[in-house]
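Only the coordinates and a few stated rules stand behind these numbers; no lab work does. All of these numbers come straight from a predicted model, not from anything done at the bench.
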């Protein structure tokens with residue numbers, strides 16, 4: 001993998017699943033894991049089928065109603081946003097990557113909540129692209145292309161780390177090599193392009209980057 005990864009100048013991450021454990025928050029607010037996952041799955045269905053941006057908070061509330069919850073659950077999720085926690089290996093990984101790679105996030109979220117979530121990682125991201133600012137939800141190409149424009153890089157110079165299998169559709173369309181941090185072990189969506197690598201833990205997938213970085217220092 002060294003020869004593949006050594007060419008990248010920047011790494012973009014999905015925010016709310018690749019770097020942050022948003023699953024636990026949805027489960028807690030939903031009442032249990034089954035309710036939280038059903039709610040989250042419905043929300044993902046709405047966002048990935050939405051295309052042009054509709055307010056994130058509205059889609060979360062619509063997903064709650066569709067799953068037998070109510071709008072108070074959506075309000076509690078937003079009120080609990082400060083409780084979002086990074087995956088245990090994410091902060092150290094970002095610290096180690098930052099000296100050698102330009103870092104950014106591309107997230108299906110509102111601008112307000114996306115920036116609040118990104119701040120939980122205490123990382124100086126060079127770009128934070130939300131669906132609201134891009135005008136479309138992933139996997140539409142617009143959010144990924146906006147991130148590339150803000151970095152001033154072509155797709156072949158950037159690695160993407162997905163948290164959802166649906167990202168694989170969008171990143172393939174714009175030519176971004178993609179790793180899938182599939183922390184909760186979901187099945188790939190039907191027809192999704194294969195990632196460069198897939199793992200339940202974030203760090204092992206990018207350790208080759210760190211090895212190469214050390215070998216060149």
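What number, in nm² with one decimal, is the all-direction average of the projected area of the convex hull of the alpha-carbon atoms of the chain? The partial results should precede the final answer.
On the way: hull surface 43.1 nm².
Over every viewing direction, the Cα hull of the chain projects on average to 10.8 nm².
Tell me, what is the percent relative contact order of the chain, built from C-alpha pairs under 8 Å that lie six or more residues apart?
Relative contact order comes out at 24 percent.
Does anyone have the angle between helix 203-216 and the longest principal axis of the chain? Alpha-carbon axes, 0 to 90°, nearest 10?
30 degrees
What 222 nm value per residue comes from the helices of the chain, counting each DSSP H run with n ≥ 4 as -39,500 (n - 2.57) and dividing by all residues, nearest 500 deg cm²/dmol?
One gets -14000 deg cm²/dmol as the mean residue ellipticity at 222 nm.
How far is helix 141-151 tilted, in degrees, relative to the longest principal axis of the Cα atoms in the chain, given as a value from 0 to 90 rounded to the nearest 10?
For 141-151 against the chain, the angle is about 50 degrees.
Quick one: work out the % antiparallel among DSSP beta bridges in the chain, nearest 5.
Taking every DSSP beta bridge within the chain, about 10 percent pair in antiparallel fashion.
Enter the angle in degrees (range 0 to 90, nearest 10) between the Cα long axis of helix 56-66 and the first principal axis of the Cα atoms of the chain, meaning the one along which they spread out most.
Relative to the chain, helix 56-66 is tipped by roughly 50 degrees.
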